[in-house]
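Chemist: Sharing a structure with you now.
What follows is calculated from the coordinates using simple rules that are stated; it is not laboratory data. For clarity, every value in this text was computed on a predicted model and none was experimentally measured. Glycine gets a Cβ as well: all are built from the backbone with ideal geometry, and neighbour counts include every protein chain shown.
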Number of protein chains: 2
Amino acid sequence: MPNDSAHGIAYLGPQGTFSQLAAIRFFSVEDEASSMQACSSIEEVFQRVQDGEVEFGVVPVENSTEGAVNNTQDCLLSTPLHIVGETVLPIQHNLLCAPNAGPDQLHTVASHKQSLAQCRDWLEAHFPQLTRRECASNAQAAEAARDEQGVAAIAGEFAAGIYGLQILAASIQDHSHNSTRFLILHRQPDAQERRDASVPSDLPRKTSLLVATQNKPGALYALLGPFDHLQLDLAKIEARPSKKRAWEYVFFIDFLSLDSEQSKVDELLRALRPLTTSLRVLGSYSAAQNVSAND
Amino acid sequence: MPNDSAHGIAYLGPQGTFSQLAAIRFFSVEDEASSMQACSSIEEVFQRVQDGEVEFGVVPVENSTEGAVNNTQDCLLSTPLHIVGETVLPIQHNLLCAPNAGPDQLHTVASHKQSLAQCRDWLEAHFPQLTRRECASNAQAAEAARDEQGVAAIAGEFAAGIYGLQILAASIQDHSHNSTRFLILHRQPDAQERRDASVPSDLPRKTSLLVATQNKPGALYALLGPFDHLQLDLAKIEARPSKKRAWEYVFFIDFLSLDSEQSKVDELLRALRPLTTSLRVLGSYSAAQNVSAND
């Protein structure tokens, strides 16, 4: 038992979410109720990890169709937690309803706002008459489909199993390449490294930075210079409000490198310091291998 | 009457939203029911302008605390409409309830998700026990506060007036610099120019671009080069999923120029073409004058 005695995994719940599935896949665990804790919000996942109630947190950070999950980015900005891993799940949405119900009895379709958005065209074509109801999660929608007559849910197969629902229509998302990327969080930056020791070193690593620059012309261009000069591949750049002053931004930047390029990464960070007003390394971890354009 | 016979203004409704207030301020109109049309979604505002049911549309595009409004960006991506103006409103949130109610009788606080987020700390400090209810808009929340016992709403003073509510607590947003930027949409790129002819030419113009690049290392850095070389000030850059392939992005770029710099702008666009796989000028319009860090 290490000094840091926290164990267990907090995920964005309730039971049956893609976050839970991501946690199960990433850690190759069975669903053990004792070690997996469902949280009611992204903020709560961060809080439980920070308070040492659990060792790891699992939250969605980006969907390939709908974009960044702002709450997660804002929590990365406001807490000292580290990113120690990532995993990507292909998101297959299904229209689910109670086993004894039929499509003609439906009056409402419930799901998370992002999932309703991801199936917007399909719903318009097949069930334009159903009232859309936004829920806090797909799993909560699945619960409603189980408990309320006439309510269908959009959720994954995993949730269908947990809530005992039938699949009325499978794979109804508008974009077949729909995937979500999840982050693994920890209080220590190298927590996952100890477990990852067996990973071959020719796989790319991803490093996540949180950067603020002076609000002056050319600042962003100057900031990207060192990435270009060192030929380090920018995987992602995302602007978010700094929350300190109106219309000032911070940048979330992910870049890729090989283990053999560690000296380049060190050089990059040295080159970035004078170009930024603040620079935080959020984490450096094995890049998910299934982030390809065809997922 | 011009050839294009559409008239009127569609805004993100219902009555009493900040979008309606933005429309009233931008066009310096009184609230004329005949010319102002409340829409139930951002998509509907775009649709009505596109279909020629109204001449102008008014939608929120960015909040200084919570960031971009994704629906608006996605509609800019998927429709051919032009941005012909922008306006910024300082957002003062208030806790509102029915005139005959008191704080002790409240069990729920309703508002749009972004507004609940913008008042998160204040609510935790003063009303931790209230159930949070997410509504499609602040105005819908105000309506609920009028009609349902024990429900308070977070909304602006404008909504308080329209729904006949009392202000239990004023200016409860966590960040005093909280502002929202709204876009004015039209089918023709120069619609507002005809009205703007009296605007002095030494005020900055904002130009909005929608850009896609090849997904290869250094592409974004190369793209920003011409802005730097021509010393055109980047006001904003925002990445959004391309929706064509997973993990490919398009960029929304706003930059500022003076009327006297039009030749620079032309040169910029010429320089950008070979660096992009697609480049659309979404609009060029008078920059809102109240976008300062102290708003």
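Chemist: What's the angle, to the nearest 10 degrees (0 to 90), between helix A:219-229's Cα axis and the longest principal axis of chain A?
Modeler: For helix A:219-229, the angle is close to 80 degrees.
Chemist: Now for a separate question. Springs between alpha-carbon atoms under 10 Å, Gaussian network over chain B: tell me which of B:143, B:157, B:261 tops the mean-square fluctuations.
Modeler: Greatest mean-square fluctuation among the candidates belongs to B:261.
Chemist: Here's another thing I want to ask about it. What are the ³J(HN,Hα) values, in whole Hz, obtained from phi via the Karplus relation 6.51 cos²θ - 1.76 cosθ + 1.60 with θ = phi - 60°, for each residue of the stretch A:237-250 in sequence order, with x given for Gly and Pro?
Modeler: Computed from phi, the couplings for the stretch A:237-250 are 9, 9, 8, 9, x, 5, 6, 8, 9, 5, 6, 10, 10, 10 Hz.
Chemist: If you don't mind, another one. Between residue A:65 and residues 5 or more places away or on another chain, which pairs have amide H atoms under 5 Å apart, with H built 1.01 Å from N, and which residues are they?
Modeler: A:179
Chemist: Which FRET efficiency value, to the nearest 0.05, do you get for residue A:157 and residue A:269 by plugging their Cβ-Cβ distance into 1/(1 + (r/R0)^6) with R0 = 51 Å?
Modeler: After rounding, the FRET efficiency stands at 0.75.
Chemist: Please give, to one decimal in nm, the separation of the simple spin-label points placed at residue A:107 and residue A:133, each 7 Å out from Cα toward the Cβ.
Modeler: Once both label points are built, they end up 1.0 nm from each other.
Chemist: When the Cα atoms of the stretch A:203-286 are enclosed in a convex hull and the volume is divided per residue, what value in Å³ results?
Modeler: 83 Å³
Chemist: Once the Cα atoms of helix B:138-147 and of chain B are each reduced to a long axis, what angle between those two axes, in degrees from 0 to 90 to the nearest 10, is obtained?
Modeler: 20 degrees
Chemist: Take every residue in peptide B:58-65, count the Cβ atoms of other chains within 10 Å of its Cβ, and give the average of those counts.
Modeler: Average per residue, whole number: 2.
Chemist: With unit charges on the beta carbons (Lys and Arg positive, Asp and Glu negative) and the dipole taken about the Cα centre of the stretch B:94-169, which residue among B:110, B:163, B:136 sits farthest to the positive side?
Modeler: Farthest towards the positive end: B:136.
Chemist: Please give, to one decimal in nm, the separation of the simple spin-label points placed at residue A:148 and residue B:167, each 7 Å out from Cα toward the Cβ.
Modeler: 3.5 nm
Chemist: Report, in debye and to the nearest 20, how large the dipole of the protein assembly as shown comes out about its Cα centre when Lys and Arg carry +1 and Asp and Glu carry -1 on their Cβ.
Modeler: Once rounded to the nearest 20, the dipole reads 820 debye.
Chemist: Return the single residue from B:40, B:263, B:78 with maximal mean-square fluctuation; model: Gaussian network over chain B, springs between Cα atoms under 10 Å.
Modeler: B:263
Chemist: Moving on. Once you place label points 7 Å from the Cα toward the Cβ at residue A:260 and residue A:230, how far apart are they in nm?
Modeler: 1.8 nm
Chemist: Please sort by residue number the trypsin sites (Lys or Arg not before Pro) in the stretch B:233-295 whose DSSP state is loop and whose Cβ has at most 13 other Cβ atoms within 10 Å.
Modeler: For trypsin sites (Lys or Arg not before Pro) across the stretch B:233-295 that sit outside H, G, I, E and B with at most 13 neighbouring Cβ atoms in 10 Å, the list reads B:244.
Chemist: Using helices alone, I'd like the mean residue ellipticity at 222 nm for the protein assembly as shown: each DSSP H run of four-plus residues gives -39500 (n - 2.57), total over residue count, nearest 500.
Modeler: Per the formula, -8000 deg cm²/dmol.
Chemist: Pick from A:215, A:94, A:70 the residue whose mean-square fluctuation is largest in a GNM of chain A, springs joining Cα atoms under 10 Å.
Modeler: A:215
Chemist: Turning to a different aspect of this structure: Using 0.36 nm per residue, how much length does the chain from residue A:120 to residue A:215 gain when fully extended, once their Cα-Cα distance is taken away?
Modeler: Contour length minus the Cα-Cα distance gives 30.4 nm.
Chemist: May I pose another question? For the stretch B:94-169, with only Lys/Arg (+1) and Asp/Glu (-1) charged at the beta-carbon, what is the dipole magnitude about the Cα centre, in debye rounded to 20?
Modeler: Dipole magnitude for the stretch B:94-169 comes out near 120 debye.
Chemist: Over 18 Å between Cα atoms: which of B:216/B:236; A:216/A:236; A:206/A:243; A:206/A:236; A:216/B:206; A:236/B:206 fall into that group?
Modeler: The answer is B:216/B:236; A:216/A:236; A:206/A:243; A:236/B:206.
Chemist: Rounded if a/c is under 1.5, else prolate if a/b is larger than b/c, else oblate: which is chain A, with a ≥ b ≥ c the root eigenvalues of its Cα gyration tensor?
Modeler: prolate
Chemist: Give me the three principal axis extents of the stretch B:86-169 from the C-alpha atoms, as integers in angstrom, largest value leading.
Modeler: Projected onto its principal axes, the Cα set of the stretch B:86-169 covers 41, 26, 21 Å.
Chemist: Rounded, prolate or oblate: which fits the stretch B:36-155 when a ≥ b ≥ c are the square roots of the eigenvalues of the alpha-carbon gyration tensor, with rounded for a/c under 1.5 and prolate only if a/b beats b/c?
Modeler: prolate
Chemist: With no solvent and one point on each alpha carbon, what is the Debye value of log10 I(q)/I(0) for the protein assembly as shown at q = 0.05, 0.07, 0.10 Å⁻¹?
Modeler: -0.22, -0.44, -0.95
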